[in-house]
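S.K.: Before I ask anything, here is the structure I am working with.
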Amino acid sequence: MGLFDFFKKKETAPEAQEALDKGLEKTKEGFLSKITKAVAGKSTVDDDVLDNLEEVLVTSDVGVTTTLKIIDRIQARVAKDKYLSTSELNHLLRDEIQLLLAENNSNDFRNFEYGDYKPYVIMVVGVNGVGKTTTIGKLAYKLKAEGLKVVLGAADTFRAAAVEQIKLWGERVGVRVVAQAMGSDPASVAFDTLQSAVANKEDVVIIDTAGRLHNKIGLMNELGKIKNVMQKLIPNAPHEILLVLDGSTGQNAFEQCKQFTDATDVNALAITKLDGTAKGGVVIGISDQFKIPVKYIGVGEKMDDLQLFDKKDFVNSLFN
Ligand SMILES: Nc1nc2c(ncn2[C@@H]2O[C@H](COP(=O)(O)OP(=O)(O)OP(=O)(O)O)[C@@H](O)[C@H]2O)c(=O)[nH]1
Ligand SMILES: [Mg+2]
């Protein structure tokens, strides 16, 4: 069964849109005020306006590659309609960004399947402090609310506080956490977690990992080891390698995405901390440039501040 079909209906609720609008407030304010400046004193979209617009997108952390694609599209529209008014620019921009994002495969996650074996296993990766553990807690909350049995694996054994933090989330959400002492082998924690989840017929396993592996070889070895051990129990585990990126770091998030996708088979992305930043444009760039679906966005620190990413809603929210 597809795990994420569960969420679909709920997410279109007005409260979800409201929470999204609120979470993106800072990005939206920055973006729209820059656009207003970009067209000040101009009635039609001319070369100056396009230059300014390019700068707006780049400084909103959309990224150069994606910005150029968007500008090309707007330029093509202007070529057809020389007297395109600047008052139409917002709508035009919204439509073009939506079309651009619709062309890549960012919604493929709806096809993720358990395969023949339960549980569905999610391994969460990402550098230090991006919001991995928090995202795991929020995701567990969401899945549990859908009636799924969830268990968390405390495979970030690097420091005692990490184990305590995930245990706390487990208590808060009311899901089981498998942990060993600080400093123990992360692969062994992952194995224990899967083994007990199979025995208890639980639906979803989420494995936390340490974010401290700064060189690529170390990272590959560590994550490779965890994967191998899990595959002894469940041949196609982990079904999902979820890379968490901190949206407030702008271009760094792009860089981390490159590094992690080189080092391991990341097949889903979560972009966090969008509530505290004006750099939310990063979501547009990342979902355009990486052929990996952005699955979740974090818009706050609370349990229910994780949303399924919907490209259309996201862009609408920026322009509404
Ligand atoms: N405002 C806001 N804060 C967030 C969000 N997600 C996480 N945080 C905060 O970011 C900080 C770091 O989050 P963690 O979940 O501990 O990050 P981590 O990746 O597990 O960090 P390490 O275990 O040290 O690698 C915490 O203070 C979280 O509350 C979000 O979407 N919005
Ligand atoms: Mg953590």
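S.K.: Identify all residues within segment 265-300 that are within 15 Å of ligand 1 (Cβ to nearest atom) and without any contact (Cβ under 8 Å) to a residue 60 or more places away in the chain; write none if there are none.
M.R.: Scanning segment 265-300 gives Leu269, Ile271, Val283.
S.K.: Anything in segment 143-159 that is within 16 Å of ligand 2 (Cβ to nearest atom) and small (Gly, Ala, Ser)? List them, or say none.
M.R.: Matches in segment 143-159: Gly153, Ala154, Ala155.
S.K.: Quick check, is Asp156 at pLDDT 95 or above, under 26 Å from Asp262 (Cβ atoms) and among the acidic types (Asp, Glu)?
M.R.: When the stated conditions are applied, Asp156 does not pass them.
S.K.: Hey, any hits in segment 181-201 for a residue that's at pLDDT 95 or above, farther than 26 Å from Lys232 by Cβ and crowded, with 21+ Cβ neighbours inside 10 Å?
M.R.: No, every residue in segment 181-201 fails to be at pLDDT 95 or above, farther than 26 Å from Lys232 by Cβ and crowded, with 21+ Cβ neighbours inside 10 Å.
S.K.: Would you list the helices (runs of 4 or more DSSP H) that sit entirely within segment 176-285 and hold 1 or more residues that are aromatic (Phe, Trp, Tyr)?
M.R.: Of the helices (runs of 4 or more DSSP H) lying wholly inside segment 176-285, those with at least 1 residues that are aromatic (Phe, Trp, Tyr) span 186-199, 251-263.
S.K.: Continuing with the same structure: So which residues in segment 243-289 are of a type in the set (D, E, K, R), modelled with pLDDT of 90 or more and over 24 Å from Lys28 (Cβ atoms), if there are any at all?
M.R.: Glu255, Lys258, Asp265
S.K.: Taking into account only those residues within segment 51-102 that are touching a strand residue (DSSP E or B) at 6+ places or on another chain (Cβ under 7 Å) and surrounded by fewer than 15 Cβ atoms within 10 Å (Cβ to Cβ), which is farthest from Ile284 (Cα to Cα)?
M.R.: Here the residue is Tyr83.
Results for (1) under 16 Å from Val315 (Cβ atoms); (2) touching a His at 6+ places or on another chain (Cβ under 6 Å); (3) in a helix (DSSP H, G or I), shown as yes or no for each residue.
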residue: Lys22; (1), (2), (3): no, no, yes
residue: Lys28; (1), (2), (3): yes, no, yes
residue: Leu32; (1), (2), (3): yes, no, yes
residue: Asp61; (1), (2), (3): yes, no, no
residue: Thr67; (1), (2), (3): yes, no, yes
residue: Ala79; (1), (2), (3): no, no, yes
residue: Tyr83; (1), (2), (3): no, no, no
residue: Asn90; (1), (2), (3): yes, no, yes
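The values are calculated or read from the model by the stated rules, or taken from the named source; none is laboratory data. Owing to the predicted nature of the structure, the values given are computational and were not obtained by experimental measurement. For neighbour counting, all protein chains shown are included, and Cβ atoms are generated from backbone atoms with ideal geometry for every residue, glycine included.
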